[in-house]
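Enquirer: Please see the structure below; I have some questions.
Derivation of every value follows stated rules applied to the coordinates shown; laboratory data play no part. Bear in mind the structure is a predicted one, so any value in this text is a computation, not a measurement. Here the Cβ is made from the backbone with ideal geometry for all residues, glycine too, and neighbour counts use every protein chain on show.
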Amino acid sequence: MSEFKKVAGLTGMKDTLPPESASWETLEALVRDWLAGYGYQNMRTPVLEHTRLFTRGIGEVTDIVEKEMYSFVDSLNEDRLTMRPEFTAGIVRSAIEHNFLYDRPRRIYAMGPVFRHERPQRGRYRQFHQIDVEALGFPGPDVDAELIIMLARLWRLLGLADIRLELNSLGQAAERAAHRAALIEHLEKHVDVLDEEARRRMHTNPLRVLDTKNPAMQAMANSAPRLFDFLGAESLAHYQGLCARLDDAGITYTLNPRLVRGLDYYNLTVFEWVTDRLGAQGTVCGGGRYDGLIELLGGKAAPAVGFAIGMERLLDLWQQDGAAPTPAECQVYLVHQGEAGQRQAARLAEALRDAGLRALVHAGSTGFKSQFRRADASGAEAAVIIGGDELAAGAATVKWLRRDAADAAQQESVAFEQLAHHLKQRI
Ligand code: HAM
């Protein structure tokens, strides 16, 4: 026994092992194809950024910045750094830094881990993964609609039903300011029902106060002035332009005037796709327009809109529908006897791979019986046997592992040089 005490992984940070990791890879490949279909290009930004990027970009008075960021001081140079809690701020920083969005608008996506120190539960982790999509330099509402139509296609591709779309418009700064003043007045009038957090936030982020889950505050929240009622003609036209395009595409949605999102950079369009099939964490995807963020982070003003999907939640849904395939380890499993048999099997396996088949050669020299057990457990379609008789005849024995009993009983003998072609025809 080792003296070393084993070290557990961190709370809320999952390991993904086979066969589940295969579902991830399948999903990632499908997502890349889906994004390519709309001309989105991949961007890779660092996991670590300066803390001030997120405090500035996401907003000081947000849950993420106030209590969920993994931040630390770099002991080597005193820099204050943060593990990205989302992609948008980093992508915008990078686009500004590389002068990437002024010559023409850009359709960008990123995929990977993000970090938030939340209380873990189903669908909520401290390291989770997002598919993040950003359309930089487009004023909309055509691109806003494109993003949503795109998402509806993804749900279709994955065979997911029961994901509904909630929409809202957060208007422009002046509209939000007028609403904010009315809202603060409302909150002050009902200060006796506000909990501690609400009182603390009522002057700094009154909109978030309405996002409360506290039952004692629901009546106050329901009677609060709605930002949507403060929208001027231009903002309304933007919203209606989006709705018209969603109608064209046959996409149903509901206006949720209480939808404000947890990040401060949004204006006009905001949306979430929600389901009841994930317990308390039912939001699969959230996004919206952030026309002010590029300028706020030091760039030349340019409009933008985007969204992020929580990949763990998406996979959970996909697995519930039984559609997340877990591919077998290999298609052909080669079993063998003796050193000459092993070496012939290794040569044949290379030929099978040349033909595009996934092949696994049993490693080590165990008996046939345990090799067959491994072959079966691998999920392979066929076992290829190379023993003394096969070497003498120059032909492998092929045993089909997944066919019905009568078929499976039939073994075939296939000349070594025919094997790859023969199997390729039948798998
Ligand atoms: P968000 O709403 O904070 O938006 O996160 C997007 C999605 O990430 C959520 O809808 C959810 O599916 C997933 N998610 C969030 N927190 C967790 C967690 N702790 N565990 C598992 N999944 C989680 C953003 O991040 C924005 N950057 C989206 C955006 C892009 N807006 C414009 N462009």
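Enquirer: List, in order, the whole-Hz ³J(HN,Hα) value for each residue of region 59-74 obtained from phi through the Karplus relation with A = 6.51, B = -1.76, C = 1.60 and θ = phi - 60°; use x for Gly and Pro.
Expert: Computed from phi, the couplings for region 59-74 are x, 4, 9, 10, 4, 4, 6, 6, 9, 10, 8, 8, 10, 7, 9, 5 Hz.
Enquirer: Quick one: which residues, 5 or more positions from ALA395 or on another chain, have an amide H under 5 Å from its amide H? H modelled 1.01 Å from N in the peptide plane, none for Pro or chain starts.
Expert: Excluding prolines and chain starts, which carry no amide H, the hits are PHE416.
Enquirer: In degrees from 0 to 90, rounded to the nearest 10, what is the angle of the helix 311-320 Cα long axis to the longest principal axis of the chain?
Expert: For 311-320 against the chain, the angle is about 60 degrees.
Enquirer: Now a separate question. Provide the per-residue ³J(HN,Hα) series for region 146-154, in order, calculated from phi with Karplus coefficients 6.51, -1.76, 1.60 and θ = phi - 60°, each as a whole number of Hz, with x at glycine and proline positions.
Expert: Running phi through 6.51 cos²θ - 1.76 cosθ + 1.60 with θ = phi - 60° gives 4, 4, 6, 5, 4, 5, 4, 5, 4 Hz.
Enquirer: Give me the lysines in straight-line cross-link reach of LYS213: C-alpha distance below 24 Å, same-chain residues under 8 apart excluded.
Expert: Partners within reach: LYS67, LYS189.
Enquirer: What size of dipole, in debye to the nearest 20, comes out for region 279-427 about its Cα centre when the only charges are +1 on Lys and Arg C-beta atoms and -1 on Asp and Glu C-beta atoms?
Expert: 100 debye
Enquirer: So, one more: Straight-line reach only, C-alpha to C-alpha below 28 angstrom: list the lysines that LYS399 could link to, leaving out same-chain residues fewer than 8 apart.
Expert: LYS369, LYS424
Enquirer: Next question. Can you give the angle from 0 to 90° between the axis of helix 20-36 and the longest principal axis of the chain, with both taken from C-alpha atoms, to the nearest 10?
Expert: The helix 20-36 is inclined about 60 degrees to the chain.
Enquirer: Around ASP354, what is the net charge, scoring Lys/Arg as +1 and Asp/Glu as -1 over all other residues with Cβ under 14 Å from its Cβ?
Expert: Value of the local net charge: +2.
Enquirer: Take ILE251, ILE131 and order them by how many other Cβ atoms sit within 10 Å, fewest up front. Each step should come with its number before you reach the end.
Expert: Values: ILE251 15, ILE131 23.
Result, fewest neighbours first: ILE251, ILE131.
Enquirer: Between 0 and 90 degrees, rounded to the nearest ten: what's the tilt of helix 88-97 against the longest Cα principal axis of the chain?
Expert: Rounded to the nearest ten degrees, it is 90.
Enquirer: Now, a different point. Under the classification rounded if a/c is under 1.5, otherwise prolate if a/b is larger than b/c and oblate if not, where does region 1-97 fall, given a ≥ b ≥ c as square roots of the Cα gyration tensor eigenvalues?
Expert: Verdict is oblate for region 1-97.
Enquirer: Amide H neighbours of ILE386 under 5 Å, at least 5 residues apart or on other chains, H built in the peptide plane: list them.
Expert: VAL335, HIS336, GLN337
Enquirer: Explain nothing, just compute: Karplus ³J(HN,Hα) = 6.51 cos²θ - 1.76 cosθ + 1.60, θ = phi - 60°, for every residue of region 130-138 in order, whole Hz, x for Gly and Pro.
Expert: Values, residue by residue: 10, 9, 10, 10, 10, 10, 9, x, 10 Hz.
Enquirer: Under a 5 Å amide H to amide H cut-off, with H placed in plane at 1.01 Å, what residues pair with THR269 once short-range neighbours are removed?
Expert: LEU170, ARG289
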